[in-house]
Amino acid sequence: MIEWNRIVLLSREAGTAGLAALAPGQRFLELHAEDCERLVRTYRQYGRKGDPQRMLRRFRHGFRCFAIEEDTGLVGWFWVMH
């Protein structure tokens, strides 16, 4: 079963294509527990709570976090759990 709780896309209008290559200067990366402070800053930059303890619990419970990064910082991310 796959459950979608929330999808957060930042700094970009939603596209119509289901598949698109990353734009020049964008990088797809996986974030880890040691990146928690970076995630907290980004969450708070976009008006979200950014609870570091909650994020660390996600990592401890096996969640994985993937993001798209540009020179200005993270422009989108998502959590995956299977």
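The values are calculated or read from the model by the stated rules, or taken from the named source; none is laboratory data. What you are looking at is a predicted structure, and each value in this text was computed from that prediction instead of being measured. Heads up, the Cβs are rebuilt from the backbone with ideal geometry, glycines too, and the neighbour counts pull from every protein chain shown. Heads up: the accessible areas ignore ligands, DNA and RNA and are worked out on the full protein's heavy atoms, side chains in. Shrake-Rupley method; radii C 1.70, N 1.55, O 1.52, S 1.80 Å.
Of the listed requirements (1) in a helix (DSSP H, G or I); (2) open to solvent by 40 Å² or more (accessible area, probe 1.4 Å); (3) in contact with a strand residue (DSSP E or B) (Cβ under 9 Å, 6 or more places away or on another chain), Leu39 misses just one: (2).
In the set Gly47, Gly25, Gly62, only one residue is small (Gly, Ala, Ser) and in contact (Cβ under 8 Å) with a residue 40 or more places away in the chain; that residue is Gly25.
Modelled with pLDDT under 95, touching a helix residue (DSSP H, G or I) at 6+ places or on another chain (Cβ under 7 Å) and farther than 13 Å from Val80 by Cα, is that true of Gly50? So that I can check it myself, show each step before the final result.
Numbers: modelled with pLDDT under 95: yes; touching a helix residue (DSSP H, G or I) at 6+ places or on another chain (Cβ under 7 Å): yes; farther than 13 Å from Val80 by Cα: yes.
Here the answer is yes, as Gly50 does meet what is asked.
Being at pLDDT 90 or above, under 14 Å from the mean Cα position of the chain (by Cα) and not β-branched (Val, Ile, Thr) is a description that does not apply to Leu9. Scanning the stretch 55-73 for residues that are within 12 Å of Gly25 (Cα to Cα) and in a strand (DSSP E or B) gives Ile68, Glu69, Glu70, Gly73. Residues in the stretch 21-34: is at least one open to solvent by 80 Å² or more (accessible area, probe 1.4 Å), over 17 Å from Trp79 (Cβ atoms) and at pLDDT below 90? Yes, there is a match, as at least one residue in the stretch 21-34 is open to solvent by 80 Å² or more (accessible area, probe 1.4 Å), over 17 Å from Trp79 (Cβ atoms) and at pLDDT below 90. Of the residues making up the stretch 59-78, those that are open to solvent by 50 Å² or more (accessible area, probe 1.4 Å) and closer than 12 Å to His32 by Cα are Arg60, Phe63, Arg64.
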